[in-house]
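The next block holds one structure in the form of structure tokens; read it before the comments.
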Amino acid sequence: RHLGIEKIRFAIGGSMGGQQVLEWAVTDPALFEQICLLATNAFHSPWGIAFNEAQRMAIEADPTLASDEPDAGMLGLEAARAIAMLSYRSYESYRRSQSEGTTEKTDDFLASSYQRYQGLKLRRRFDARAYLTLSKAMDSHQIGRGRGGAKAALAQVKAQALVIGIESDVLFPPEEQAFLAKNLPDAYLEIIDSHYGHDGFLIEYEQIATLVGDFMNKRFIEKNSKTTQSLHASFIRKALPGTERF
């Protein structure tokens with residue numbers, strides 16, 4: 001508004017970023033022309049909250065967290081990241097990347113070193129207290145709060161929406177994207193076939209770029225018809241040969 005911008009052509013966000021885009025689209029419905037919601041939801045699930053709580057418990061168990069040192073809570077942060085990786089990826093992702101090439105090992109497994117590597121990598125670029133705060137922010141995401149429920153809130157959105165999920169995502173499962181697409185007034189649902197789990201929204205950028213390009217250039221509109229099938233049936237069809245129009 002300060003810059004005199006009255007309309008935003010396109011907004012895109014994945015995971016927590018998708019939660020933020022959705023919140024903006026509900027708060028100011030006339031602002032956006034199109035939005036893309038990647039691997040996100042209308043409200044954070046008990047499953048997602050439980051994962052975050054387990055991570056916070058790991059950080060809070062680090063006795064250095066209470067200190068004023070800049071590296072306070074960092075061992076806990078490493079453990080928290082290792083826990084988080086189990087929700088970001090999938091069984092198949094680990095099977096493909098961390099399987100051993102020998103039957104003789106009894107320790108020092110690839111999967112073990114991978115978990116520790118991921119924890120150390122985050123420690124080098126993040127802060128334990130910030131991690132606690134951001135995880136709480138994600139837990140509190142509830143688009144229906146103060147708006148009469150999630151369905152009523154989603155009905156207020158005026159932007160045309162492309163909703164993308166990842167078939168193997170256990171943190172933000174495709175049912176959550178199907179719920180969004182079913183209850184947004186003008187939405188298209190696409191479920192990507194990927195073994196990368198939730199991280200597929202970051203890794204499968206070529207598939208996503210194609211979908212976003214088609215969406216922005218209006219190529220979805222003519223080839224998809226309104227569906228009246230149930231949320232469960234939509235998911236069972238795995239959304240879904242091609243793009244599903246809601």
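List of remarks:
- All Cα-Cα distances of the chain, cut into 5 Å bins from zero to the largest, leave 1, 6, 12, 16, 16, 15, 12, 10, 7, 3, 2, 1, 0, 0 percent in each bin in turn.
- Applied to segment 151-159, the Karplus parametrisation 6.51 cos²θ - 1.76 cosθ + 1.60 on θ = phi - 60° returns per-residue 3J(HN,Hα) values of 5, 5, 5, 5, 5, 7, 5, 9, 5 Hz, with x for Gly and Pro.
- In this structure, the amide hydrogen of Ile8, modeled 1.01 Å from its nitrogen in the peptide plane, lies closer than 5 angstrom to those of Phe32, Glu33, counting only residues at least 5 positions away or on a different chain.
- 5 angstrom amide H check on Gly73, placed H, neighbours 5+ away: Thr64, Leu65
- Centroid-to-centroid separation of segment 156-199 and segment 72-111 [C-alpha atoms, Å]: 27
- Only helices enter the 222 nm calculation for the chain: every DSSP H run of n ≥ 4 contributes -39,500 (n - 2.57), and dividing by all residues gives -13500 deg cm²/dmol, rounded to 500.
- Sequence-separation-based contact order of the chain, relative, with Cα cut under 8 Å and 6+ spacing, percent: 22
- Sites Met16 and Ser99 - FRET efficiency at Förster radius 30 Å, r taken between beta-carbons, to 0.05: 0.45
- Residues His2 and Asn217, FRET efficiency given R0 of 35 Å [Cβ-Cβ distance, rounded to 0.05]: 0.70
- Kirkwood-based shape ratio for segment 103-142, expressed as Rg/Rh from alpha carbons: 1.24
- Once exposed loop GluC sites (Glu not before Pro) are cut out (DSSP; at most 13 other Cβ, 10 Å), longest piece of the chain: 105-221
- Amide N of segment 114-138 lying under 14 Å from the label point, which is placed 7 angstrom from the Cα of Leu86 along Cα→Cβ: 115-116
- R0 of 25 Å, Cβ-Cβ distance Glu53-Tyr117: FRET efficiency to nearest 0.05: 0.55
- Among the listed pairs Lys158/Lys218; Lys151/Lys218; Lys7/Lys136; Lys7/Lys218; Lys7/Lys158, those beyond 23 Å (Cα-Cα): Lys151/Lys218; Lys7/Lys136
- Percent of beta bridges antiparallel (DSSP, the chain, rounded to nearest 5): 15
- Extent along principal axes [Cα atoms of segment 47-139; Å; largest to smallest]: 46, 28, 20
No value in this document is a laboratory result; all are computed from the given coordinates. Owing to the predicted nature of the structure, the values given are computational and were not obtained by experimental measurement. We place every Cβ from the backbone using ideal geometry, glycine too, and count neighbours over all the protein chains shown.
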